[in-house]
1. Taking the condition of being of a type outside the set (Asp, Glu), outside any loop (DSSP other than H, G, I, E, B) and either closer than 20 Å to VAL49 by Cα or under 24 Å from the mean Cα position of the chain (by Cα) (or both), how many residues in segment 107-133 meet it?
2. Taking the options SER195, SER204, name whichever one is closer than 27 Å to VAL231 by Cα, among the polar types (S, T, N, Q), away from the ligand (no atom under 16 Å from the Cβ) and crowded, with 19+ Cβ neighbours inside 10 Å.
3. Inside segment 21-49, can you point out the residues that are touching an Asp or Glu at 6+ places or on another chain (Cβ under 6 Å), more than 16 Å from the ligand (Cβ to nearest atom) and not in a loop (DSSP other than H, G, I, E, B)?
4. What pairs come up if the first residue lies in segment 296-317 and is free of Cβ contacts under 8 Å to residues at least 60 places away in the same chain, the second is part of a helix (DSSP H, G or I) and open to solvent by less than 30 Å² (accessible area, probe 1.4 Å), and their beta carbons are under 6 Å apart, counting only those six or more places apart or on different chains?
5. Could you pull out the residue among MET65, MET97, MET114, MET82 that is of a type outside the set (Gly, Ala, Ser) and either open to solvent by 50 Å² or more (accessible area, probe 1.4 Å) or in contact with a Leu (Cβ under 7 Å, 6 or more places away or on another chain) (or both)?
6. Can you tell which of ALA220, ALA273, ALA288, ALA264 is of a type in the set (A, V, I, L, M), within 15 Å of the ligand (Cβ to nearest atom) and touching a residue at least 40 places away in the same chain (Cβ under 8 Å)?
7. Does MET233 qualify as being touching a Pro at 6+ places or on another chain (Cβ under 7 Å), in a helix (DSSP H, G or I) and more than 25 Å from SER311 (Cα to Cα)?
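The values are calculated or read from the model by the stated rules, or taken from the named source; none is laboratory data. Since the structure is predicted, the reported quantities are computational estimates derived from the model, not experimental observations. Here the Cβ positions follow ideal geometry from the backbone for every residue, glycine too, while neighbour counts run over all protein chains shown. Accessible surface areas use protein heavy atoms only, side chains included; no ligands, DNA or RNA. Shrake-Rupley method; radii C 1.70, N 1.55, O 1.52, S 1.80 Å.
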Amino acid sequence: MYIRLPYADPYEMGVSGSEFVDLFDDISDLPDTTAMWALPGLADCHAHVSMTSLADFDAITTVSMASATRSNTWAHLEHGVMLLLDKGGKTDATLMMLDHDADLRPHIEAAGAMVHPIGGYYQGFGAEVEPDELISYIRNSASLQGGWLKLVGDWPRKGQGPVNNWPLDVLREAVRVTHASGAKVAIHSMAHSASEAVAAGVDSIEHGPFLTEEDLRSLARRGGAWVPTIVNMLHLRDMLGADSSGGRMFQDGLDRMRTNLPLAEGLGVTVLAGTDMAVSPGQVATEAALLREYGLSDSAAARATTTNAFSYIGRSDRPTIGAEADAVFFDENPFDDVGVLARPSLILRRGKVVGPHDD
Ligand SMILES: [Zn+2]
């Protein structure tokens, strides 16, 4: 197949079984891609595939998590998502997604149960761990097996507004211990916990509307990631009502994004596209368009939704001989117009055509 990436010279490879092979060894009967543009796949870097909506929170069981995981990972795949970073669930059972048939899901890295102190997130959801127990929790739990620890950094308390969940020294030690076991730390920050999280060395800031310029400089210097989830910020603002105190906080955050996104692009911060649970699985192109609308260039918004994510987790940003035969093809160049990401014309996972899905 002909592989024309927006950021490299075109080349040809064959497909045999689930892998790309030398053209000479091609035994596939795949469509002609000569006129198309190729990407290694889309990436949704803030998903929760063990759930279908926030409304399910109370009713989640291991059985419901299993069935949601199967249907949601497949829905991502048939829209061209080849890489998912799942940022946690109700329990560590969310990690069962890593054992599912690779032909039927994207490549996945995942956090186990989301970690927060009592009162620091939705009650009864995730692992409730007090700051003085956090380090031993990290050392002893199975949560890190998917490659990520997910902390909740701040949460509103009645009459106080948002409060940071972790002292800085605890956060620093949590990052050190997690890194020592080979995993990364992501933190939910909707208010002002982002600066301490950056200072503590947290790998990925989720949401992060109140990141400062100095935080962005620091993230850029050390290769840290920022997953703005604009589509989810808009969803939460509308759900709470634009005139409520929560709704106003989200609007303030969205206004900040318009300054911070161009700044992040200029500084070279690894911005990643994530949808949280604001749109149905596979719709990460919606976030790509919003990243563009809120100030990234078309190519930066496209990179945030594809190559940045592959590079960030240490995978190749291009289809390669010997690797799984994953690629997504488009009729136009998505780096010139990020809207193209919503219209793939051919989706290949492990050598098989799995989409596009007709919406
Ligand atoms: Zn989330």
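1. Keep residues of segment 107-133 that are of a type outside the set (Asp, Glu), which gives 107-108, 110-127, 129, 131.
Imposing the further condition that a residue be outside any loop (DSSP other than H, G, I, E, B) reduces the set to 107-108, 110-111, 113, 115-116, 127, 131.
So of that shortlist, the ones also either closer than 20 Å to VAL49 by Cα or under 24 Å from the mean Cα position of the chain (by Cα) (or both) come out as 107-108, 110-111, 113, 115-116, 127.
Looking only at that region, the number is 8.
2. On the way: SER204 fails: away from the ligand (no atom under 16 Å from the Cβ).
None of the other options fit; the residue is SER195.
3. Once the filter is applied, which keeps residues that are touching an Asp or Glu at 6+ places or on another chain (Cβ under 6 Å), more than 16 Å from the ligand (Cβ to nearest atom) and not in a loop (DSSP other than H, G, I, E, B), segment 21-49 yields only LEU23.
4. Listed pairs, sorted by first residue: LEU296/LEU261; ASP298/VAL338; ALA301/ALA288; ALA301/LEU291; ALA301/VAL338; ALA304/LEU291.
5. Values: MET65 fails: either open to solvent by 50 Å² or more (accessible area, probe 1.4 Å) or in contact with a Leu (Cβ under 7 Å, 6 or more places away or on another chain) (or both); MET97 fails: either open to solvent by 50 Å² or more (accessible area, probe 1.4 Å) or in contact with a Leu (Cβ under 7 Å, 6 or more places away or on another chain) (or both); MET114 fails: either open to solvent by 50 Å² or more (accessible area, probe 1.4 Å) or in contact with a Leu (Cβ under 7 Å, 6 or more places away or on another chain) (or both).
Residue meeting the stated conditions: MET82.
6. Numbers: ALA220 fails: within 15 Å of the ligand (Cβ to nearest atom); ALA288 fails: within 15 Å of the ligand (Cβ to nearest atom); ALA264 fails: within 15 Å of the ligand (Cβ to nearest atom).
Within the list ALA220, ALA273, ALA288, ALA264, the selection yields ALA273.
7. Working: touching a Pro at 6+ places or on another chain (Cβ under 7 Å): yes; in a helix (DSSP H, G or I): yes; more than 25 Å from SER311 (Cα to Cα): yes.
So MET233 fits the description; yes.
One line per residue, one yes/no per condition, for (1) modelled with pLDDT of 95 or more; (2) assigned to a loop (DSSP other than H, G, I, E, B):
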{"residue": "GLN251", "(1), (2)": "yes, no"}
{"residue": "ALA264", "(1), (2)": "yes, no"}
{"residue": "THR275", "(1), (2)": "yes, yes"}
{"residue": "ALA288", "(1), (2)": "yes, no"}
{"residue": "GLY322", "(1), (2)": "yes, yes"}
{"residue": "GLU332", "(1), (2)": "yes, yes"}
{"residue": "ASP358", "(1), (2)": "no, yes"}
